[in-house]
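Every read-out reported here was derived from the displayed coordinates using simple, explicitly stated rules and does not represent laboratory data. Here the structure is a predicted model, which means the values were calculated and not measured. Glycine gets a Cβ as well: all are built from the backbone with ideal geometry, and neighbour counts include every protein chain shown.
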Amino acid sequence: MQIINSIVHMQALAIAPERGGRRITFVPTMGFLHEGHASLLREGRTRGDVLVLSIFVNPIQFGKNEDLDRYPRDMERDCQLADACGVDIVFIPTVAEMYPQGFQTGVTVRDIALPLCGASRPGHFDGVATVVAKLFNIVRPDVALFGCKDYQQLAVIRTMTADLNMPVEIVGMPIVREADGVAMSSRNAYLSASERQSALCLIQAIKRARGLYAAGERSTSVLIREARAVIEQETAAVVDYVECRNGETLHESDLADGGTLLALAVKIGQTRLIDNTVFGEEL
Ligand code: PAF
């Protein structure tokens, strides 16, 4: 496994004639890898010849009062996990090289980036779209894999890729959950033991709404109200949003169907967690 820090070096490998017809599969991450990332890497391994993982805590996707400075990092453990998953190249650029003095270009995806996390975290998806566009230009992947836990992020990246005719196939992978149902996230590392217990309210809310949907309930306002009520029973939890949206367009609708997304963002203490489900899909 090769570790590359320089953009020029990474780009040179990606466009070198030696690449021949070899397919590059790519998993962009901010590191502190967990089993969710491992599932992307294992799938990536089967879809191409050269598997590239990037680790870059992207400052421009964090708001002023967010957790950029304390975002968890463990490069040594990440590299061990990458190696075990069959990664060929780990690309770890520096902030100074990604955003040199004078950097002034950004990618904005409009409508689909506005609701949900886009409303709670203004500018977040500009930062995500810009860094992913840069990473695609550096790594030149044929296929890139993203987790569905960040459902709106995946929708934003699919839209950007289609709108800008980027020759990359985008693959969304199912949410990986802990045994008790809590969605895996690098930010779970922030939770104290009691907060980790409180974090169960997200999956409990999802299960409540899915149960009602399975029993025939189709009113999105009822599904939202019931999911919200579960979270509000948990004293350590503060709802940021609980919303039902069309799973493709992210538009609101009064009636749920199999393609409807239920998306949640909840603060447990200082930690903001997100989770989601699509009613017609497996949990
Ligand atoms: O999902 C993430 O880890 C990040 O948002 C991404 C896609 C690597 C961009 O920084």
Report yes if some residue within segment 265-276 is among the small types (Gly, Ala, Ser), more than 17 Å from Ile206 (Cβ to Cβ) and assigned to a loop (DSSP other than H, G, I, E, B); otherwise report no. yes
Six or more apart or on different chains, Cβ under 9 Å: which pairs go from a residue in segment 11-38 that's of a type in the set (Ser, Thr, Tyr) to one that's in a loop (DSSP other than H, G, I, E, B) and surrounded by fewer than 22 Cβ atoms within 10 Å (Cβ to Cβ)? Could you list them? Thr25/Arg47; Thr25/Gly48; Thr25/Asp49; Thr25/Asp142; Thr29/Phe56
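Output the number of residues of segment 109-158 satisfying the condition of being outside any loop (DSSP other than H, G, I, E, B), over 29 Å from Ile4 (Cβ atoms) and more than 12 Å from the ligand (Cβ to nearest atom). It would help to see each step written out before you state the result.
Filtering segment 109-158 for residues outside any loop (DSSP other than H, G, I, E, B) gives 111-113, 116-120, 124-139, 143-158.
Add one more test, that the residue is over 29 Å from Ile4 (Cβ atoms), and what stays is 111-113, 116-120, 151-152, 155.
Narrowing further to those that are more than 12 Å from the ligand (Cβ to nearest atom): 111-113, 116, 118-120, 155.
Residues in segment 109-158 being outside any loop (DSSP other than H, G, I, E, B), over 29 Å from Ile4 (Cβ atoms) and more than 12 Å from the ligand (Cβ to nearest atom): 8 in total.
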Which of (1) in contact with a strand residue (DSSP E or B) (Cβ under 8 Å, 6 or more places away or on another chain); (2) more than 22 Å from Gly172 (Cα to Cα) does Gln233 not meet, given it meets every other one? (1)
Name every residue in segment 48-61 that is of a type outside the set (A, V, I, L, M), in a loop (DSSP other than H, G, I, E, B) and either in contact with a Phe, Trp or Tyr (Cβ under 7 Å, 6 or more places away or on another chain) or near the ligand (Cβ under 10 Å from one of its atoms) (or both), in order of residue number. Phe56, Asn58
Does Gly269 qualify as being loosely packed, with under 15 Cβ neighbours inside 10 Å, over 19 Å from the mean Cα position of the chain (by Cα), over 22 Å from Val109 (Cα atoms) and touching a residue at least 12 places away in the same chain (Cβ under 8 Å)? no
Please name all residue pairs, on different chains or six or more residues apart, with Cβ atoms under 8 Å, provided the first residue is in segment 188-212 and is under 25 Å from His37 (Cβ atoms) and the second residue is crowded, with 18+ Cβ neighbours inside 10 Å and aromatic (Phe, Trp, Tyr). Ala189/Phe32
Considering segment 107-131 alone, what residues qualify as being more than 16 Å from Phe146 (Cα to Cα) and of a type in the set (S, T, N, Q)? Thr108, Ser120
